[in-house]
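The values are calculated or read from the model by the stated rules, or taken from the named source; none is laboratory data. Everything numeric here is computed off the predicted structure, so don't read it as measured data. Cβ sites come from the backbone with ideal geometry, for glycine too, and all protein chains shown count toward neighbours. These accessible areas exclude ligands, DNA and RNA; they are computed on the full protein's heavy atoms, side chains included. Shrake-Rupley method; radii C 1.70, N 1.55, O 1.52, S 1.80 Å.
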Amino acid sequence: GQLMNVVTKSGGNTLHGSFALFSIPQRFNGSNVTGIPANRRKDIQPDMTLGGPILRDRIWFFSAYRRLQQDQTLNNAPIPRERRGNLWFGKITTQLTSNHRLTGTFQYDRTIQKNAVIRGSVAPGRSLGSTGSGLSSATMQVTDPSAFGTLTKGGPLVGASYNWIISSTK
């Protein structure tokens with residue numbers, strides 16, 4: 001058997017925060033296949049956190065924010081998939097008594113991906129793709145930008161947890 005327990009950060013009695021930036025510029029991409037251009041990919045993702053006390057030794061907060069901005073082509077599609085989103089996380093923890101703790105969380109992680117879904121070839125005159133312009137005759141290459149649609153994922157999520165410590169040894 002296997003057990004995994006994941007605990008998110010909580011605020012503490014001192015104010016703490018962090019900032020990080022994840023980035024992949026297009027010039028970092030390459031192709032290891034002669035004659036095939038590299039897929040286009042550009043990522044920019046700033047991350048920020050802040051946590052601390054609301055009421056010292058009783059109530060703490062923690063919050064996190066991530067901006068997701070990703071442009072990426074797959075199988076050398078004619079237009080990149082554009083993924084955008086603002087990801088929020090908030091947590092409030094209160095120590096009710098020495099053995100009782102209550103935690104509430106809120107997460108909002110909605111992302112919108114343009115050009116992420118292949119719609120099909122139902123529109124008049126729309127050719128979805130070609131097998132002659134990919135890596136080989138067996139590789140489908142999507143060639144018509146109108147064949148792509150938008151995909152929306154995520155949304156709000158609320159949670160609460162209550163911890164009761166029966167005794168310090170149990």
Open item on the list: If each residue of separation counts as 0.36 nm, what is the full-extension length gain between Asp109 and His16 once their alpha-carbon separation is subtracted?
Closed with: 31.2 nm
Task: FRET efficiency estimate (nearest 0.05) - Cβ-Cβ, Ile79 to Leu50, R0 41 angstrom - done: 0.65
- [ ] Could you please state how large a percent of the accessible area of segment 60-114 is carbon and sulfur, counting protein chains only and using a 1.4 Å probe?
- [x] 55
Open item on the list: So, taking all protein chains as they sit and a 1.4 Å probe, how much accessible area belongs to Tyr108, in Å² rounded to tens?
Closed with: 70
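Summing Lys, Arg as +1 and Asp, Glu as -1, what charge do residues with Cβ under 14 Å from the Cβ of Ser161 carry, Ser161 excluded? List each step's numbers first, then the result.
Numbers: positive: Lys91, Arg101; negative: none.
Taking every Cβ under 14 Å from that of Ser161, the sum is +2.
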Open item on the list: Quick check: residue separation of Thr94 and Leu151 times 0.36 nm, minus the Cα distance between them. What number comes out in nm?
Closed with: 16.7 nm
